[in-house]
Structures are given as C-alpha cells and as structure tokens.
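Okay, structure first, notes after.
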Amino acid sequence: MITVFYDFLCPYAWRGLELLAALEIPFVHKHYSLVQGNHPDNAGLPRHLPKWQLVTQTLGDTANAGLPAYLNVDGSLEAFLAARAAMQQGNAAYLRFALELFRARHRDKKVLNAETALEAAKAANLDINAFTVARADVVARTVELGADLEEAGQLGVFGTPTIQLESGDIAYFRFEHLPQTQAAKLEAWQIFERAMLSEAGIATIKRAKPSV
C-alpha cells in the first residue's frame, strides 16, 4: 500500500487526497509539518534532526506569536491532534474526516482551530464522544504525531503531499488544479506512477512562469 505524508495547511495536499479518494486508491495516512520544516530555527539542519519541533509546542504559546503568518503553529498543531483523534475510529472514518477538514480550510476558507475540527468530525459522521475523548488525550496524540514527523524526517520529506509507492520510491507530487473528470484524475495518477517507476530517473519537472 502507498503512504501519503501531508499537512492540513497545504492546498496541494488537499488536492492529493481528493485525487486518491476519487480513484479509491487505499493509502496509509502520515503527517508532515510544514511549520516545522520551514521554521527559521531549523534552517540548514538535517530534516531528521530539527531544533524546533512542533510536538514540543503548546497551543496559544506567545513565543510563536511573532512568526510569519504561514508558520501557523496553533492551526497546524490543532489540526494534527484532532486528526490523530479521528484516526482512532479507523481508516475509512479518518479519510472522511481528513477530507472534511481540508475542505473547511481550503474550500470554505475557515480557520484551523478546535471548532473547525469538531465541525469536520460531525460532517464526517464520526462518533463525537469517542473523538472528544481521544482528542483530550494530548500525550497519546502527541506521541503518535511525533512518530509520523520522525518518519517523515528520516525519509527526507520536505513538502506535501509526498507519496511513497509500494516500491519504496518517494516524491513530492504537486499539481495546481484538481482534475475535474474521473478520466483526468486517473491520468494524473498514472503519470505520477510512470514518472516514479521509469528507468529515466526523473527527479524534477517544474513549469516555467513567463513574465506577464
């Protein structure tokens, strides 16, 4: 089974999950923190040896107030802890939750916070009592998140979504727009797979952006 690393802050990760869900491709969910990866204290350090770690932060810590807006510590941490809580209800329930939370953030432009996470849990038809109890166990959820982030660091993940195929090949897969038809979605996935498994060893394809 493939593995997907993602962050709820990222619109590209949202498109990636929507693509896999539409194609009914099963995958293992893993989390990667863009805040941790791009934090100034971690500049120049190996991915697996960060100085600043998301799992050591607490919600509402004023020490993080001066960071740029894209380094949304509270939003990212709350989303991840809620996600790990939802994951206790199984993969199918968790996928519904993840998609609802992504849509709330990137389609509906809602703030990532506890209220939005609870709304996503309800929209995904989770057992809300079980979700609330699991979310309240911050220690357990933080340990689970830490394991994901450590694995991502060891694999050299730097952006989301990053997809690891069953072959072990792993790459960041970014596309600007979610294909609209099922055929186009399938083609997008097949292009990614072929590029990853090709003997050509393609490492980077990046479109140029001409000046307007």
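Read the figures in this text as sums done on the coordinates, not as results from a lab. Because the structure is predicted, anything quoted here is derived from the model rather than measured. Glycine also receives a Cβ, built like all others from the backbone with ideal geometry; neighbour counts cover every protein chain displayed.
Results, tabulated for the structure shown:
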| item | result |
| --- | --- |
| Prolate/oblate/rounded call for the range 1-92, Cα gyration tensor, a/c under 1.5 rounded | prolate |
| Neighbour cut-off at most 13 other Cβ (10 Å), DSSP loop, trypsin sites (Lys or Arg not before Pro), the range 1-59 | LYS51 |
| Size-normalised alpha-carbon gyration radius of the range 1-49, reference 2.2 N^0.38 Å | 1.37 |
| Kirkwood estimate for the range 118-212, i.e. one over the average of 1/r between Cα atoms, Å | 17.1 |
| Distance in nm between pseudo-label sites at LEU45 and VAL28 (7 Å out along the Cβ direction from Cα) | 2.6 |
| Relative contact order (%) - criterion: Cα under 8 Å, at least six apart; region: the range 92-212 | 12 |
| Net charge dipole size for the range 39-191 [Lys, Arg +1 and Asp, Glu -1 on Cβ; Debye, nearest 20] | 340 |
| Selected from GLN164, GLN36, GLN89 as most flexible by GNM, with the chain as the system and alpha-carbon contacts under 10 Å | GLN89 |
| Tail fraction, Cα-Cα pairs, the range 157-209, threshold 17 Å, whole percent | 41 |
| Percentage relative contact order, the chain, counting C-alpha pairs under 8 Å, at least six apart | 29 |
| Reduced Cα scattering model of the chain, Debye log10 I(q)/I(0), q = 0.08, 0.09, 0.15 Å⁻¹ | -0.28, -0.35, -1.00 |
| Gaussian network model of the chain, springs between alpha carbon atoms under 10 Å - residue of ALA83, ALA136, ALA121 with greatest fluctuation | ALA136 |
| Residues SER198 and ARG107, FRET efficiency given R0 of 41 Å [Cβ-Cβ distance, rounded to 0.05] | 0.75 |
| Straight-distance crosslink candidates among lysines, where the alpha carbon sits under 21 Å from LYS109 and sequence neighbours closer than 8 are dropped | LYS122 |
| Dimensionless Rg/Rh of the range 70-171 - Kirkwood Rh, Rg from C-alpha atoms | 0.98 |
| Set LYS185/LYS206; LYS51/LYS209; LYS30/LYS51 screened for pairs whose C-alpha atoms are more than 24 Å apart | LYS51/LYS209 |
